[in-house]
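See structure below.
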Amino acid sequence: MENTNRSPGEELAAKLLEEPKNAGLIMSDEEIAAADGFCEDYKKFLNAAKTEREACTEAIKRAKAAGFTEYDPTADYKAGDKFYFCNREKSVILTVMGKKPLAEGIRLAAAHIDSPRLDLKQHPLYEDRELALFKTHYYGGIKKYQWTTIPMSLHGVIVKANGEKVSVAIGEDEGDPVFCVTDLLIHLASEQMKRTLAEGVKGEELNLLIGSRPFKDDKVSKKVKLNIMSILNEKYGITEHDFVSAELEIVPAFKARDLGFDRSMVGGYGQDDRVCSYPALQAILDCEAPEHTCMTILTDKEETGSDGNTGLNSSYLPYFIDDLAAKQGAKGHNVISKSLCLSADVNAAEDPTFADVTETRNASKLNYGVVITKYTGARGKSGTSDASAEFVGRIRKMMNDGGVIWQTGELGKVDAGGGGTVAQYIANLDMDVIDVGVPVLSMHAPFEVTAKLDTYMAYKAFSVFFKD
Ligand code: MN
Ligand code: MN
(Lines give C-alpha, C1' and ligand atoms only; values in the text may rest on other atoms or scores of the structure.)
(Ligands and ions follow the chains in the order given, each with its own letter.)
Protein backbone atom coordinates (compact mmCIF):
# COMPACT_ATOMS: atom_id res chain seq x y z
CA MET A 1 0.00 0.00 0.00
CA GLU A 2 1.26 3.49 -0.84
CA ASN A 3 2.16 5.62 2.10
CA THR A 4 -0.04 8.70 1.63
CA ASN A 5 1.70 10.59 4.44
CA ARG A 6 4.91 11.03 2.45
CA SER A 7 6.21 14.54 2.04
CA PRO A 8 6.86 15.75 -1.54
CA GLY A 9 10.60 15.27 -0.92
CA GLU A 10 10.08 11.70 0.27
CA GLU A 11 7.90 10.99 -2.77
CA LEU A 12 10.55 12.37 -5.09
CA ALA A 13 13.36 10.51 -3.33
CA ALA A 14 11.45 7.21 -3.57
CA LYS A 15 11.00 7.82 -7.29
CA LEU A 16 14.42 9.13 -8.21
CA LEU A 17 16.99 7.82 -5.76
CA GLU A 18 18.42 4.37 -5.38
CA GLU A 19 18.33 2.65 -2.02
CA PRO A 20 19.78 -0.87 -2.03
CA LYS A 21 18.29 -3.30 0.47
CA ASN A 22 19.45 -6.49 2.13
CA ALA A 23 17.92 -9.49 0.34
CA GLY A 24 16.85 -10.80 3.74
CA LEU A 25 14.44 -7.84 3.94
CA ILE A 26 13.04 -8.31 0.44
CA MET A 27 12.71 -12.07 0.00
CA SER A 28 9.64 -13.94 1.23
CA ASP A 29 10.06 -16.51 4.00
CA GLU A 30 9.35 -19.23 1.44
CA GLU A 31 12.10 -18.01 -0.86
CA ILE A 32 14.56 -17.71 2.01
CA ALA A 33 13.76 -21.32 2.94
CA ALA A 34 14.30 -22.32 -0.69
CA ALA A 35 17.70 -20.58 -0.63
CA ASP A 36 18.70 -22.38 2.58
CA GLY A 37 17.59 -25.70 1.06
CA PHE A 38 19.54 -24.95 -2.13
CA CYS A 39 22.71 -24.48 -0.08
CA GLU A 40 22.34 -27.82 1.70
CA ASP A 41 23.11 -29.52 -1.60
CA TYR A 42 25.69 -26.85 -2.40
CA LYS A 43 27.69 -27.91 0.68
CA LYS A 44 27.54 -31.53 -0.52
CA PHE A 45 28.89 -30.40 -3.88
CA LEU A 46 31.74 -28.52 -2.17
CA ASN A 47 32.68 -31.62 -0.17
CA ALA A 48 32.52 -33.93 -3.18
CA ALA A 49 34.42 -31.61 -5.54
CA LYS A 50 37.61 -30.22 -4.04
CA THR A 51 39.63 -30.21 -7.25
CA GLU A 52 38.88 -29.44 -10.88
CA ARG A 53 38.94 -33.16 -11.73
CA GLU A 54 36.53 -34.01 -8.92
CA ALA A 55 34.25 -31.09 -9.85
CA CYS A 56 34.25 -32.28 -13.46
CA THR A 57 33.42 -35.85 -12.40
CA GLU A 58 30.69 -34.66 -10.01
CA ALA A 59 29.15 -32.40 -12.66
CA ILE A 60 29.03 -35.26 -15.16
CA LYS A 61 27.53 -37.60 -12.55
CA ARG A 62 24.78 -35.08 -11.85
CA ALA A 63 24.30 -34.37 -15.56
CA LYS A 64 23.82 -38.06 -16.36
CA ALA A 65 21.23 -38.30 -13.58
CA ALA A 66 19.44 -35.35 -15.19
CA GLY A 67 19.31 -37.06 -18.60
CA PHE A 68 22.43 -35.66 -20.25
CA THR A 69 24.42 -37.99 -22.51
CA GLU A 70 28.03 -37.77 -23.61
CA TYR A 71 28.54 -35.58 -26.67
CA ASP A 72 28.61 -37.57 -29.90
CA PRO A 73 30.32 -35.65 -32.74
CA THR A 74 28.39 -37.70 -35.32
CA ALA A 75 24.93 -37.16 -33.78
CA ASP A 76 22.30 -34.75 -35.03
CA TYR A 77 20.85 -32.92 -32.07
CA LYS A 78 17.34 -31.48 -31.93
CA ALA A 79 15.63 -29.01 -29.61
CA GLY A 80 15.56 -30.18 -26.00
CA ASP A 81 18.49 -32.62 -26.37
CA LYS A 82 20.95 -32.52 -23.46
CA PHE A 83 24.59 -33.54 -23.66
CA TYR A 84 27.97 -32.88 -22.11
CA PHE A 85 31.46 -32.59 -23.57
CA CYS A 86 34.31 -33.42 -21.22
CA ASN A 87 37.70 -31.85 -21.92
CA ARG A 88 40.57 -33.92 -20.49
CA GLU A 89 38.66 -34.67 -17.27
CA LYS A 90 39.25 -31.11 -16.02
CA SER A 91 36.59 -29.07 -17.73
CA VAL A 92 33.13 -29.78 -19.07
CA ILE A 93 30.59 -28.11 -21.36
CA LEU A 94 26.94 -28.95 -20.67
CA THR A 95 24.51 -28.14 -23.47
CA VAL A 96 20.73 -28.06 -23.87
CA MET A 97 19.72 -27.52 -27.49
CA GLY A 98 17.28 -24.67 -28.09
CA LYS A 99 14.29 -24.36 -30.40
CA LYS A 100 15.98 -21.57 -32.35
CA PRO A 101 18.84 -22.31 -34.72
CA LEU A 102 22.34 -21.90 -33.32
CA ALA A 103 22.86 -19.03 -35.75
CA GLU A 104 20.67 -16.96 -33.41
CA GLY A 105 23.24 -17.39 -30.67
CA ILE A 106 23.89 -19.34 -27.51
CA ARG A 107 23.24 -18.43 -23.86
CA LEU A 108 26.49 -19.36 -22.10
CA ALA A 109 27.27 -19.42 -18.36
CA ALA A 110 31.01 -19.79 -17.72
CA ALA A 111 32.40 -20.66 -14.29
CA HIS A 112 35.72 -22.15 -13.19
CA ILE A 113 36.30 -25.26 -11.10
CA ASP A 114 39.99 -24.86 -10.25
CA SER A 115 40.85 -23.20 -6.93
CA PRO A 116 44.03 -22.04 -5.19
CA ARG A 117 45.92 -24.93 -3.57
CA LEU A 118 49.36 -26.52 -3.18
CA ASP A 119 50.56 -28.82 -5.98
CA LEU A 120 53.24 -31.45 -5.48
CA LYS A 121 56.52 -30.87 -7.33
CA GLN A 122 57.89 -33.42 -9.80
CA HIS A 123 60.30 -34.82 -7.20
CA PRO A 124 58.28 -34.16 -4.05
CA LEU A 125 59.33 -36.80 -1.52
CA TYR A 126 62.25 -36.26 0.83
CA GLU A 127 63.38 -37.00 4.36
CA ASP A 128 64.98 -34.41 6.61
CA ARG A 129 65.84 -34.96 10.29
CA GLU A 130 63.89 -38.19 10.26
CA LEU A 131 60.67 -36.61 9.05
CA ALA A 132 59.16 -37.28 5.61
CA LEU A 133 57.86 -34.33 3.62
CA PHE A 134 56.52 -33.34 0.20
CA LYS A 135 57.86 -30.31 -1.71
CA THR A 136 55.05 -28.20 -3.16
CA HIS A 137 54.47 -25.36 -5.59
CA TYR A 138 51.42 -23.26 -4.84
CA TYR A 139 48.74 -22.87 -7.53
CA GLY A 140 46.99 -19.52 -7.93
CA GLY A 141 47.27 -16.46 -5.75
CA ILE A 142 47.54 -17.26 -2.05
CA LYS A 143 48.62 -15.60 1.18
CA LYS A 144 51.07 -18.37 2.01
CA TYR A 145 50.92 -18.03 5.79
CA GLN A 146 47.22 -19.00 5.65
CA TRP A 147 48.10 -22.48 4.38
CA THR A 148 50.14 -23.65 7.38
CA THR A 149 48.97 -25.60 10.46
CA ILE A 150 45.61 -26.63 9.04
CA PRO A 151 44.60 -30.21 8.16
CA MET A 152 45.16 -30.93 4.48
CA SER A 153 44.08 -33.71 2.14
CA LEU A 154 45.73 -35.04 -1.01
CA HIS A 155 43.82 -35.47 -4.29
CA GLY A 156 44.78 -36.32 -7.85
CA VAL A 157 46.08 -38.88 -10.26
CA ILE A 158 49.35 -40.74 -10.79
CA VAL A 159 50.24 -42.28 -14.14
CA LYS A 160 52.56 -45.22 -13.58
CA ALA A 161 55.47 -46.28 -15.78
CA ASN A 162 53.24 -48.85 -17.51
CA GLY A 163 50.69 -46.13 -18.36
CA GLU A 164 48.14 -47.22 -15.79
CA LYS A 165 46.38 -44.33 -14.00
CA VAL A 166 45.66 -44.37 -10.28
CA SER A 167 43.30 -41.96 -8.53
CA VAL A 168 44.19 -40.61 -5.10
CA ALA A 169 41.91 -38.98 -2.49
CA ILE A 170 43.13 -39.23 1.06
CA GLY A 171 42.31 -37.05 4.06
CA GLU A 172 38.58 -36.53 3.50
CA ASP A 173 37.01 -39.51 5.28
CA GLU A 174 36.77 -39.48 9.08
CA GLY A 175 39.12 -42.46 9.32
CA ASP A 176 41.73 -41.04 6.93
CA PRO A 177 44.98 -39.48 8.07
CA VAL A 178 45.55 -35.84 7.13
CA PHE A 179 48.70 -33.80 6.42
CA CYS A 180 49.90 -30.30 7.22
CA VAL A 181 52.46 -27.61 6.56
CA THR A 182 54.20 -26.77 9.81
CA ASP A 183 54.98 -23.27 11.06
CA LEU A 184 57.50 -21.99 13.55
CA LEU A 185 56.53 -21.74 17.21
CA ILE A 186 56.09 -18.13 18.33
CA HIS A 187 58.80 -18.63 21.01
CA LEU A 188 61.47 -18.97 18.34
CA ALA A 189 59.94 -16.79 15.65
CA SER A 190 61.53 -13.44 16.52
CA GLU A 191 63.42 -13.35 13.19
CA GLN A 192 60.47 -14.69 11.19
CA MET A 193 58.16 -12.10 12.76
CA LYS A 194 60.31 -9.35 11.25
CA ARG A 195 59.54 -10.58 7.75
CA THR A 196 56.75 -8.87 5.79
CA LEU A 197 53.39 -10.66 5.66
CA ALA A 198 54.12 -11.62 2.03
CA GLU A 199 57.40 -13.27 3.10
CA GLY A 200 56.18 -14.56 6.48
CA VAL A 201 56.05 -18.05 5.04
CA LYS A 202 57.99 -18.40 1.78
CA GLY A 203 57.10 -20.61 -1.20
CA GLU A 204 59.88 -23.09 -0.46
CA GLU A 205 58.70 -23.32 3.14
CA LEU A 206 55.33 -24.77 2.13
CA ASN A 207 56.52 -28.32 2.78
CA LEU A 208 53.91 -30.90 3.67
CA LEU A 209 54.55 -33.18 6.63
CA ILE A 210 53.58 -36.74 5.67
CA GLY A 211 55.37 -39.18 8.01
CA SER A 212 57.79 -39.79 10.87
CA ARG A 213 58.22 -43.54 11.53
CA PRO A 214 61.32 -45.36 10.19
CA PHE A 215 61.43 -48.59 8.22
CA LYS A 216 63.13 -51.07 10.60
CA ASP A 217 66.39 -51.88 8.87
CA ASP A 218 69.72 -50.39 9.90
CA LYS A 219 71.26 -51.20 6.51
CA VAL A 220 69.28 -48.47 4.72
CA SER A 221 69.49 -44.70 5.07
CA LYS A 222 66.42 -42.45 4.85
CA LYS A 223 64.30 -45.00 6.66
CA VAL A 224 61.28 -42.71 7.14
CA LYS A 225 61.15 -41.90 3.45
CA LEU A 226 61.47 -45.60 2.61
CA ASN A 227 58.66 -46.44 5.00
CA ILE A 228 56.36 -43.84 3.36
CA MET A 229 57.24 -45.11 -0.11
CA SER A 230 56.54 -48.64 1.07
CA ILE A 231 53.05 -47.59 2.25
CA LEU A 232 52.37 -45.78 -1.03
CA ASN A 233 53.59 -48.78 -3.00
CA GLU A 234 51.29 -51.07 -1.10
CA LYS A 235 48.28 -48.76 -1.45
CA TYR A 236 48.74 -47.45 -5.00
CA GLY A 237 51.35 -49.73 -6.57
CA ILE A 238 53.67 -46.78 -7.27
CA THR A 239 57.40 -46.17 -6.98
CA GLU A 240 59.13 -42.84 -6.38
CA HIS A 241 59.67 -42.35 -10.15
CA ASP A 242 55.91 -42.26 -10.70
CA PHE A 243 55.54 -38.83 -9.06
CA VAL A 244 57.05 -37.39 -12.22
CA SER A 245 53.84 -38.17 -14.12
CA ALA A 246 51.36 -37.25 -11.42
CA GLU A 247 49.05 -34.35 -10.67
CA LEU A 248 48.63 -34.30 -6.91
CA GLU A 249 46.89 -31.40 -5.23
CA ILE A 250 46.89 -30.53 -1.54
CA VAL A 251 43.70 -28.86 -0.32
CA PRO A 252 42.16 -28.11 3.07
CA ALA A 253 40.70 -31.28 4.57
CA PHE A 254 37.80 -29.66 6.39
CA LYS A 255 34.19 -29.86 5.24
CA ALA A 256 31.93 -27.00 4.20
CA ARG A 257 29.86 -25.79 7.15
CA ASP A 258 27.05 -23.41 8.00
CA LEU A 259 28.54 -20.22 9.35
CA GLY A 260 26.99 -17.88 11.93
CA PHE A 261 24.43 -18.38 14.71
CA ASP A 262 21.77 -17.70 12.09
CA ARG A 263 23.30 -20.21 9.64
CA SER A 264 23.03 -17.53 6.96
CA MET A 265 26.45 -18.19 5.45
CA VAL A 266 28.54 -21.08 4.17
CA GLY A 267 32.20 -21.43 5.10
CA GLY A 268 34.37 -23.78 3.09
CA TYR A 269 37.28 -24.33 0.74
CA GLY A 270 37.13 -23.61 -3.00
CA GLN A 271 34.05 -21.40 -3.05
CA ASP A 272 35.93 -19.32 -5.62
CA ASP A 273 34.49 -20.42 -7.91
CA ARG A 274 32.32 -23.34 -6.93
CA VAL A 275 29.82 -20.89 -5.46
CA CYS A 276 29.18 -19.90 -9.09
CA SER A 277 29.92 -23.30 -10.69
CA TYR A 278 27.26 -24.99 -8.60
CA PRO A 279 24.41 -22.56 -9.45
CA ALA A 280 25.47 -22.50 -13.13
CA LEU A 281 25.50 -26.31 -13.13
CA GLN A 282 22.12 -26.63 -11.40
CA ALA A 283 20.60 -24.04 -13.75
CA ILE A 284 21.62 -26.00 -16.86
CA LEU A 285 20.50 -29.30 -15.29
CA ASP A 286 17.08 -27.73 -14.65
CA CYS A 287 16.90 -26.13 -18.10
CA GLU A 288 14.03 -27.53 -20.19
CA ALA A 289 13.24 -26.78 -23.84
CA PRO A 290 14.93 -23.35 -24.02
CA GLU A 291 14.44 -20.93 -26.91
CA HIS A 292 18.17 -20.43 -27.49
CA THR A 293 20.70 -23.22 -27.06
CA CYS A 294 22.00 -22.99 -23.48
CA MET A 295 25.41 -23.97 -22.17
CA THR A 296 27.23 -24.06 -18.89
CA ILE A 297 30.99 -24.37 -19.17
CA LEU A 298 32.96 -25.36 -16.07
CA THR A 299 36.52 -24.57 -16.93
CA ASP A 300 39.97 -25.08 -15.47
CA LYS A 301 43.09 -22.90 -15.05
CA GLU A 302 41.31 -19.62 -14.31
CA GLU A 303 43.42 -19.11 -11.20
CA THR A 304 46.64 -19.19 -13.21
CA GLY A 305 45.48 -16.98 -16.07
CA SER A 306 43.33 -19.40 -18.14
CA ASP A 307 46.31 -20.63 -20.22
CA GLY A 308 46.62 -24.32 -21.08
CA ASN A 309 44.34 -26.67 -23.01
CA THR A 310 41.73 -26.88 -20.25
CA GLY A 311 41.59 -23.09 -19.67
CA LEU A 312 39.37 -20.62 -21.49
CA ASN A 313 42.30 -18.97 -23.20
CA SER A 314 42.51 -22.15 -25.31
CA SER A 315 40.29 -23.00 -28.27
CA TYR A 316 38.27 -25.85 -26.84
CA LEU A 317 35.11 -23.78 -26.47
CA PRO A 318 35.13 -22.21 -29.97
CA TYR A 319 36.06 -25.61 -31.47
CA PHE A 320 33.08 -27.20 -29.74
CA ILE A 321 30.71 -24.44 -30.90
CA ASP A 322 32.18 -24.75 -34.40
CA ASP A 323 31.34 -28.47 -34.40
CA LEU A 324 27.76 -27.87 -33.29
CA ALA A 325 27.33 -25.04 -35.80
CA ALA A 326 28.54 -27.24 -38.66
CA LYS A 327 25.76 -29.74 -37.91
CA GLN A 328 23.26 -26.95 -38.68
CA GLY A 329 25.18 -25.64 -41.68
CA ALA A 330 26.20 -22.53 -39.74
CA LYS A 331 29.62 -21.02 -39.14
CA GLY A 332 31.02 -21.21 -35.62
CA HIS A 333 32.20 -17.62 -35.57
CA ASN A 334 28.74 -16.38 -36.58
CA VAL A 335 27.19 -18.34 -33.71
CA ILE A 336 29.75 -16.94 -31.26
CA SER A 337 29.22 -13.35 -32.40
CA LYS A 338 25.48 -13.67 -31.73
CA SER A 339 25.91 -15.35 -28.34
CA LEU A 340 25.62 -13.90 -24.84
CA CYS A 341 27.65 -14.96 -21.84
CA LEU A 342 27.45 -14.57 -18.10
CA SER A 343 30.98 -15.00 -16.79
CA ALA A 344 30.15 -16.61 -13.47
CA ASP A 345 32.86 -15.65 -11.03
CA VAL A 346 33.03 -14.35 -7.50
CA ASN A 347 33.44 -10.74 -6.44
CA ALA A 348 35.22 -9.36 -3.37
CA ALA A 349 32.59 -8.64 -0.73
CA GLU A 350 33.08 -5.64 1.51
CA ASP A 351 34.72 -6.73 4.76
CA PRO A 352 33.96 -4.49 7.79
CA THR A 353 37.40 -5.28 9.23
CA PHE A 354 39.22 -4.27 6.05
CA ALA A 355 36.79 -1.72 4.67
CA ASP A 356 39.59 0.63 3.57
CA VAL A 357 40.27 -1.42 0.40
CA THR A 358 36.74 -1.05 -0.93
CA GLU A 359 34.79 2.01 -2.01
CA THR A 360 31.52 1.40 -0.28
CA ARG A 361 29.19 2.90 -2.91
CA ASN A 362 30.52 0.49 -5.52
CA ALA A 363 31.57 -2.54 -3.47
CA SER A 364 29.46 -5.69 -3.32
CA LYS A 365 28.05 -6.76 0.03
CA LEU A 366 27.04 -10.07 1.50
CA ASN A 367 23.27 -10.64 1.24
CA TYR A 368 22.67 -7.93 -1.34
CA GLY A 369 22.17 -10.49 -4.10
CA VAL A 370 24.13 -11.72 -7.08
CA VAL A 371 26.81 -9.24 -8.24
CA ILE A 372 26.85 -7.81 -11.74
CA THR A 373 30.40 -6.62 -12.37
CA LYS A 374 30.76 -4.46 -15.47
CA TYR A 375 34.53 -4.58 -15.43
CA THR A 376 37.34 -5.98 -13.29
CA GLY A 377 41.03 -5.49 -14.10
CA ALA A 378 43.69 -3.32 -12.50
CA ARG A 379 45.63 -0.11 -13.15
CA GLY A 380 43.06 1.76 -15.24
CA LYS A 381 40.86 -1.19 -16.29
CA SER A 382 43.72 -3.20 -17.80
CA GLY A 383 43.12 -6.91 -18.32
CA THR A 384 39.34 -6.85 -18.43
CA SER A 385 36.33 -6.87 -20.67
CA ASP A 386 34.32 -3.75 -19.91
CA ALA A 387 30.75 -4.70 -20.77
CA SER A 388 28.87 -2.17 -22.90
CA ALA A 389 26.06 -0.03 -21.52
CA GLU A 390 23.74 -1.78 -23.96
CA PHE A 391 24.63 -5.24 -22.65
CA VAL A 392 24.49 -4.17 -19.00
CA GLY A 393 21.07 -2.67 -19.77
CA ARG A 394 19.89 -5.89 -21.35
CA ILE A 395 21.07 -8.05 -18.43
CA ARG A 396 19.71 -5.59 -15.88
CA LYS A 397 16.25 -5.74 -17.47
CA MET A 398 16.43 -9.53 -17.69
CA MET A 399 17.28 -9.79 -13.97
CA ASN A 400 14.60 -7.31 -12.91
CA ASP A 401 11.92 -9.01 -15.02
CA GLY A 402 12.95 -12.38 -13.56
CA GLY A 403 12.76 -11.28 -9.92
CA VAL A 404 16.51 -11.66 -9.35
CA ILE A 405 17.96 -9.59 -6.50
CA TRP A 406 21.24 -8.18 -7.75
CA GLN A 407 23.84 -5.56 -6.93
CA THR A 408 26.83 -4.12 -8.72
CA GLY A 409 30.42 -4.59 -7.64
CA GLU A 410 34.02 -3.87 -8.49
CA LEU A 411 37.23 -5.59 -7.48
CA GLY A 412 38.25 -3.15 -4.78
CA LYS A 413 39.10 0.54 -4.71
CA VAL A 414 40.79 2.09 -7.73
CA ASP A 415 44.52 1.26 -7.51
CA ALA A 416 44.05 -0.92 -4.40
CA GLY A 417 44.96 -4.00 -6.46
CA GLY A 418 42.54 -5.78 -8.78
CA GLY A 419 42.09 -9.01 -10.67
CA GLY A 420 40.43 -10.61 -13.66
CA THR A 421 38.08 -13.36 -14.73
CA VAL A 422 37.46 -15.42 -17.86
CA ALA A 423 35.20 -12.63 -19.20
CA GLN A 424 38.03 -11.08 -21.20
CA TYR A 425 38.85 -14.34 -23.03
CA ILE A 426 35.21 -14.85 -23.97
CA ALA A 427 34.84 -11.21 -25.02
CA ASN A 428 37.94 -11.61 -27.19
CA LEU A 429 36.07 -14.32 -29.14
CA ASP A 430 33.58 -11.56 -30.06
CA MET A 431 30.82 -12.43 -27.61
CA ASP A 432 28.86 -10.08 -25.34
CA VAL A 433 29.84 -10.98 -21.79
CA ILE A 434 29.51 -9.66 -18.26
CA ASP A 435 30.59 -10.96 -14.87
CA VAL A 436 27.72 -12.22 -12.75
CA GLY A 437 28.63 -13.97 -9.51
CA VAL A 438 28.54 -14.25 -5.77
CA PRO A 439 30.30 -11.95 -3.27
CA VAL A 440 32.91 -13.72 -1.11
CA LEU A 441 34.77 -12.87 2.09
CA SER A 442 38.34 -14.15 2.59
CA MET A 443 38.64 -14.98 -1.11
CA HIS A 444 41.49 -17.44 -1.89
CA ALA A 445 41.85 -18.37 1.79
CA PRO A 446 41.56 -22.04 2.80
CA PHE A 447 38.15 -21.20 4.31
CA GLU A 448 36.08 -18.76 2.25
CA VAL A 449 32.73 -17.26 3.23
CA THR A 450 29.58 -16.69 1.16
CA ALA A 451 25.96 -15.84 2.02
CA LYS A 452 23.25 -18.36 1.14
CA LEU A 453 20.81 -15.79 -0.26
CA ASP A 454 23.42 -14.57 -2.77
CA THR A 455 24.21 -18.11 -3.93
CA TYR A 456 20.53 -18.77 -4.51
CA MET A 457 20.19 -15.50 -6.44
CA ALA A 458 23.06 -16.65 -8.68
CA TYR A 459 21.06 -19.79 -9.46
CA LYS A 460 18.02 -17.64 -10.23
CA ALA A 461 20.13 -15.34 -12.43
CA PHE A 462 21.47 -18.21 -14.57
CA SER A 463 17.99 -19.78 -14.78
CA VAL A 464 16.43 -16.51 -15.98
CA PHE A 465 19.28 -16.08 -18.49
CA PHE A 466 18.64 -19.56 -19.90
CA LYS A 467 14.97 -18.64 -20.41
CA ASP A 468 15.89 -15.59 -22.52
MN1 MN B 1 37.33 -16.96 -9.54
MN1 MN C 1 40.15 -16.67 -7.81
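The values are calculated or read from the model by the stated rules, or taken from the named source; none is laboratory data. The shown structure was predicted, so the numbers you read here are calculated from the model rather than taken from an experiment. Here Cβ is always computed from backbone atoms with ideal geometry, including for glycine, and neighbour counts include all displayed protein chains. To get the accessible areas, we keep the full protein, side chains included, count just its heavy atoms, and leave off ligands, DNA and RNA. Shrake-Rupley method; radii C 1.70, N 1.55, O 1.52, S 1.80 Å.
Take Arg361 and tell me if it is closer than 16 Å to Thr450 by Cβ and of a type in the set (Lys, Arg).
Taking the combined requirement at face value, the residue does not satisfy it.
Within segment 103-141, restricting attention to residues that are within 16 Å of ligand 2 (Cβ to nearest atom) and small (Gly, Ala, Ser), the residue that is farthest from Ala326 (Cα to Cα) is Gly141. Taken together, the criteria exclude Lys100 from residues that are away from ligand 2 (no atom under 16 Å from the Cβ) and either touching a Phe, Trp or Tyr at 6+ places or on another chain (Cβ under 9 Å) or open to solvent by less than 10 Å² (accessible area, probe 1.4 Å) (or both). Residue pairs whose Cβ atoms lie under 6 Å apart, sitting 6 or more positions apart in sequence or on different chains, and linking a residue in segment 232-261 that is of a type in the set (D, E, K, R) to a partner that is part of a helix (DSSP H, G or I) and surrounded by 13 or more Cβ atoms within 10 Å (Cβ to Cβ), are Glu240/Met229; Lys255/Asn47. Of the residues that sit in segment 422-440 and are part of a loop (DSSP other than H, G, I, E, B) and open to solvent by 10 Å² or more (accessible area, probe 1.4 Å), which one is nearest to Ile106 (Cα to Cα)? My answer is Met431. So which pairs qualify, if the first residue must be in segment 155-184 and more than 13 Å from Leu120 (Cβ to Cβ), the second must be acidic (Asp, Glu) and surrounded by 15 or more Cβ atoms within 10 Å (Cβ to Cβ), the Cβ gap must be under 6 Å, and the two must be at least 6 apart or on different chains? The qualifying pairs are Lys160/Asp242. Would you pick out the residues in segment 264-291 that are open to solvent by less than 10 Å² (accessible area, probe 1.4 Å), assigned to a helix (DSSP H, G or I) and within 30 Å of Pro101 (Cα to Cα)? Those that are open to solvent by less than 10 Å² (accessible area, probe 1.4 Å), assigned to a helix (DSSP H, G or I) and within 30 Å of Pro101 (Cα to Cα): Cys276, Ser277, Tyr278, Pro279, Ala280, Leu281, Ala283, Ile284. When segment 246-263 is filtered for residues that are open to solvent by less than 50 Å² (accessible area, probe 1.4 Å) and more than 16 Å from ligand 1 (Cβ to nearest atom), the ones remaining, listed by number, are Ala246, Leu248, Glu249, Ile250, Pro252, Ala253, Ala256, Asp258, Leu259, Gly260. Contact annotation: residue pairs with Cβ atoms under 9 Å, 6 or more positions apart or on different chains, pairing a residue in segment 125-142 that is open to solvent by 30 Å² or more (accessible area, probe 1.4 Å) with a partner that is in a strand (DSSP E or B) and within 16 Å of ligand 1 (Cβ to nearest atom), are Tyr138/Arg117; Gly141/Gly419. Cβ-Cβ contacts under 6 Å between residues 6 or more apart (or on different chains), taken from a first residue in segment 417-430 that is closer than 9 Å to Ser385 by Cα to a second residue that is open to solvent by 40 Å² or more (accessible area, probe 1.4 Å) and not small (Gly, Ala, Ser), are listed as Tyr425/Asn313.
When Gly203 is tested against (1) closer than 18 Å to Val157 by Cα; (2) loosely packed, with under 13 Cβ neighbours inside 10 Å; (3) touching a residue at least 12 places away in the same chain (Cβ under 8 Å), just one condition goes unmet, and that condition is (1). Among the residues making up segment 103-124, a single one is open to solvent by 10 Å² or more (accessible area, probe 1.4 Å), more than 26 Å from Lys160 (Cα to Cα) and not small (Gly, Ala, Ser): Glu104. For segment 292-311, a residue qualifies if it is open to solvent by less than 10 Å² (accessible area, probe 1.4 Å) and out of contact with any strand residue (DSSP E or B) (no Cβ under 7 Å at 6 or more places or on another chain), and exactly one does: Ser306. Suppose the filter is out of contact with any Phe, Trp or Tyr (no Cβ under 8 Å at 6 or more places or on another chain), more than 14 Å from Leu453 (Cα to Cα) and surrounded by 10 or more Cβ atoms within 10 Å (Cβ to Cβ); does Glu10 pass it? Criteria met by Glu10. State which residue is surrounded by the fewest Cβ atoms within 10 Å (Cβ to Cβ) when the search covers only segment 168-190 and only residues that are hydrophobic (A, V, I, L, M, F, W, C) and within 17 Å of Ser212 (Cα to Cα). Among residues in segment 168-190 that are hydrophobic (A, V, I, L, M, F, W, C) and within 17 Å of Ser212 (Cα to Cα), the one surrounded by the fewest Cβ atoms within 10 Å (Cβ to Cβ) is Val178.
Pull up segment 312-329, narrow it to residues that are of a type in the set (Gly, Ala, Ser) and open to solvent by less than 30 Å² (accessible area, probe 1.4 Å), then point me to the one that is farthest from ligand 1 (Cβ to nearest atom). So the residue we want is Ala325.
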